[in-house]
Every structure is written in C-alpha cells, then in structure tokens.
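Chemist: I'd like to ask some things about the structure below.
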Amino acid sequence: MTTPIFSDEFASKIQIAGTITKLPASAAGKVIISGSHGGELPAGLAIRAGGRAVILNDAGRGLEDAGIGSLALCQSFGMAAATVSNNSCRIGDADDMIVQGIISHANQTALDCGVQIGQTCIQAAEVLTSAPNPAQNSPPKFTEYREVLTLENAQRQFIMVDSASMVLPEYAGQVVLTGSHGGLIGNNPKAAIKAPVFAAIYNDAGMGFDDWGVTRLPALEDQGIGGITLDSISCRIGDAASAYATGVVSCVNNRAMVLGVRV
C-alpha cells in the first residue's frame with residue numbers, strides 16, 4: 001500500500017515510524033504515528049523523544065490491557081495518546097496503519113483535543129497536531145528488563161528482553177524471549193530478528209488484521225530459526241518477565257515444531 005501524503009499543513013507536524021525504537025531527533029514536537037504496540041515502553045520512548053502526541057497499535061489489548069498501557073502513562077505526562085485497533089491494520093506497519101487504521105482508544109487529553117473513537121488514523125493525527133505540548137517534566141524513569149538465564153542441563157542460554165530492539169549480536173545461537181509483538185516491521189523479513197539466534201519468542205498481539213501478529217514466524221523459518229508466539233491474553237505485551245511467568249504458546253513455525261514446541 002502507498003502511504004497517503006499529508007497536506008503541507010500537516011506533513012511537517014507528523015513523524016511516521018515503523019518502530020518507535022528508532023525515532024529520529026526530528027520527532028520532537030510532532031505527532032508520532034508508530035506501528036509499535038501501545039504498551040508502556042513505547043509510550044515512554046515517545047515521551048523521551050519529546051513528541052507532542054502519539055498513536056500506536058492496541059495489540060488486541062491483551063492481559064491486563066497492557067496493549068493500551070501507553071494511554072495512562074502519556075496522560076500522566078500531559079501527552080495526548082491514542083491507539084488504533086489491531087483488527088483494522090497490520091501491527092508494525094505504519095504505512096498500513098495510516099491507510100487503514102481506526103482509532104480504538106484514546107486518553108483524556110486526546111479526547112479533549114477532539115479525537116473520537118472510530119476516527120481514521122489520519123483524522124486523529126491531524127486533530128492531534130493542535131494538541132498542547134506536554135509539560136516539560138522529567139521523562140519516565142524505567143529500566144528495560146534484560147535477564148540471561150543458564151538453566152540446569154541446558155545447552156544454550158535463555159535470554160529475556162522487553163523489546164526485540166534489545167537483541168544483541170552475541171545472542172547468536174541462544175534462545176531469546178522478547179516482550180515485542182510478532183509482526184514483521186514494515187513487512188521486512190530481514191527485521192524479524194537482529195541476530196541469528198537458535199529460537200525467538202514473541203507476543204502474538206492478539207493476531208489482528210491479516211494475522212499480522214505472527215508474521216515473523218515464517219521469516220524466522222526461512223532463517224532456520226525456531227519461531228514462537230505467546231497468546232496476548234496469557235501475558236503482558238512488552239513485558240518479558242510476564243511472558244516467562246504466564247505466557248502460553250499460540251503459534252509456532254515448522255522449525256519450532258520439529259524442536260518439540262507445541263501450541
């Protein structure tokens with residue numbers, strides 16, 4: 001799909017990002033439209049970047065409404081925030097989000113600006129260009145969770161990270177559990193994982209439009225990597241510790257199946 005071009009009135013006020021982990025400095029003061037899930041970590045990154053407002057994907061809400069955790073966090077910092085329905089567009093694909101995304105939730109600041117549930121992503125973004133700049137409070141303080149486990153009798157390390165952006169080259173050959181969604185970012189198979197790991201585990205983000213929440217799995221298969229997703233209702237998206245504690249397998253690729261992993 002081709003991303004519609006915003007008019008000159010709005011184009012300079014909007015920042016489009018497939019993943020919120022790669023925001024440029026130019027995002028400051030703009031409405032950020034990102035294909036990332038609408039959890040607290042993406043919200044924190046939007047606030048840290050100095051965005052005016054942010055629109056994310058609700059990832060099917062999931063356990064404890066973690067997929068829309070961005071709304072309350074942004075509200076606490078005076079930032080307008082909204083999410084699009086994961087059933088309206090592909091998670092991780094900002095272009096598709098702009099073309100098809102429908103607003104599913106919004107915080108009070110966004111509602112006060114005129115955002116309405118059921119609006120298109122484009123309509124909401126244009127409305128939010130007039131949102132007040134958030135108060136210049138200190139950005140949220142949180143540590144992105146990372147833990148490396150060496151389990152008894154294991155041949156490999158088991159590495160847990162809240163975001164797939166935290167995967168390091170030295171994780172090659174290991175098993176990585178991420179809190180990230182399992183959708184291909186920008187429909188790019190090369191973005192499925194940042195290192196040639198043995199197996200990778202993601203959150204299925206409620207599956208969503210075109211079952212996009214599990215599209216990393218065939219891309220991982222092509223790289224000889226076991227691919228697994230966890231049901232978004234079983235664990236909090238963006239939270240690797242929650243995934244490890246309560247996550248239940250929802251989908252696997254052939255490589256993971258051969259290794260003995262089952263839904």
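The values are calculated or read from the model by the stated rules, or taken from the named source; none is laboratory data. Note that the coordinates shown come from a computational prediction; the quantities given were computed from them, not determined experimentally. So basically every Cβ, Gly included, is an ideal-geometry build from the backbone, and we count neighbours across all protein chains shown. SASA here: full protein model, heavy atoms, side chains in, ligands and nucleic acids out. Shrake-Rupley method; radii C 1.70, N 1.55, O 1.52, S 1.80 Å.
Chemist: How many residues does region 210-233 hold that are buried (at least 22 other Cβ atoms within 10 Å of the Cβ), more than 18 Å from residue 162 (Cα to Cα) and of a type outside the set (A, V, I, L, M)?
Modeler: Keep residues of region 210-233 that are buried (at least 22 other Cβ atoms within 10 Å of the Cβ), which gives 212-217, 220, 225-230, 232.
Okay, now just the ones that are also more than 18 Å from residue 162 (Cα to Cα), so 212, 215, 217, 220, 225-226.
Next, only the ones that are of a type outside the set (A, V, I, L, M) stay: 212, 215, 226.
Total satisfying the criteria: 3.
Chemist: Same structure, new question: Can you confirm whether residue 111 is open to solvent by less than 50 Å² (accessible area, probe 1.4 Å) and aliphatic (A, V, I, L, M)? Spell out how you get there, then give the answer.
Modeler: Numbers: open to solvent by less than 50 Å² (accessible area, probe 1.4 Å): no; aliphatic (A, V, I, L, M): yes.
Considered against the rule, which asks whether it is open to solvent by less than 50 Å² (accessible area, probe 1.4 Å) and aliphatic (A, V, I, L, M), residue 111 comes out as no.
Chemist: So which of 107, 153 ends up being without any contact (Cβ under 8 Å) to a residue 40 or more places away in the chain, touching a strand residue (DSSP E or B) at 6+ places or on another chain (Cβ under 8 Å) and within 28 Å of residue 202 (Cβ to Cβ)?
Modeler: Details: 153 fails: touching a strand residue (DSSP E or B) at 6+ places or on another chain (Cβ under 8 Å).
The unique qualifying residue is 107.
Chemist: Restricting the search to region 62-78, which residues are touching a strand residue (DSSP E or B) at 6+ places or on another chain (Cβ under 6 Å) and either assigned to a strand (DSSP E or B) or of a type in the set (D, E, K, R) (or both)?
Modeler: none
For (1) more than 18 Å from residue 42 (Cβ to Cβ); (2) in contact with a Ser or Thr (Cβ under 8 Å, 6 or more places away or on another chain), each residue gets a yes or a no:
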| site | (1), (2) |
| --- | --- |
| 170 | yes, no |
| 192 | yes, no |
| 203 | no, yes |
| 212 | no, no |
| 215 | yes, no |
| 220 | yes, no |
| 226 | yes, no |
| 234 | yes, yes |
| 244 | yes, no |
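Chemist: Under 9 Å by Cβ, and 6 or more places apart or on different chains, what pairs join a residue from region 190-208 that is touching a residue at least 12 places away in the same chain (Cβ under 8 Å) and farther than 17 Å from residue 243 by Cβ with one that is of a type in the set (Val, Ile, Thr) and open to solvent by less than 10 Å² (accessible area, probe 1.4 Å)?
Modeler: These pairs meet every condition: 192/225; 194/167; 195/167; 195/176; 196/225; 198/176; 198/225; 208/91.
Chemist: Just the residues that are open to solvent by less than 10 Å² (accessible area, probe 1.4 Å), within 16 Å of residue 191 (Cα to Cα) and either in contact with an Asp or Glu (Cβ under 9 Å, 6 or more places away or on another chain) or part of a loop (DSSP other than H, G, I, E, B) (or both), please, taken from region 79-98.
Modeler: If the condition is that a residue be open to solvent by less than 10 Å² (accessible area, probe 1.4 Å), within 16 Å of residue 191 (Cα to Cα) and either in contact with an Asp or Glu (Cβ under 9 Å, 6 or more places away or on another chain) or part of a loop (DSSP other than H, G, I, E, B) (or both), then 91, 92 are the ones that fit.
Chemist: Let me ask something additional. For the condition farther than 18 Å from residue 96 by Cβ, surrounded by fewer than 24 Cβ atoms within 10 Å (Cβ to Cβ) and of a type outside the set (Asp, Glu), what is the one hit in 202, 244?
Modeler: Going through 202, 244 in turn, just one is farther than 18 Å from residue 96 by Cβ, surrounded by fewer than 24 Cβ atoms within 10 Å (Cβ to Cβ) and of a type outside the set (Asp, Glu): 244.
Chemist: Would you call residue 236 open to solvent by 40 Å² or more (accessible area, probe 1.4 Å), in contact with a Leu (Cβ under 6 Å, 6 or more places away or on another chain) and of a type outside the set (Phe, Trp, Tyr)? Working first, answer last.
Modeler: Working: open to solvent by 40 Å² or more (accessible area, probe 1.4 Å): yes; in contact with a Leu (Cβ under 6 Å, 6 or more places away or on another chain): yes; of a type outside the set (Phe, Trp, Tyr): yes.
Yes; evaluated as a whole, the condition is true for this residue.
Chemist: Also, I was wondering about something else. Return the residue satisfying two criteria in turn: it lies in region 21-44 and is under 17 Å from residue 181 (Cβ atoms) and open to solvent by 30 Å² or more (accessible area, probe 1.4 Å), and of such residues it is modelled with the lowest pLDDT.
Modeler: 22
Chemist: Anything in region 81-116 that is more than 23 Å from residue 22 (Cα to Cα), touching a Leu at 6+ places or on another chain (Cβ under 7 Å) and not hydrophobic (A, V, I, L, M, F, W, C)? List them, or say none.
Modeler: Passing the criteria: 105, 107.
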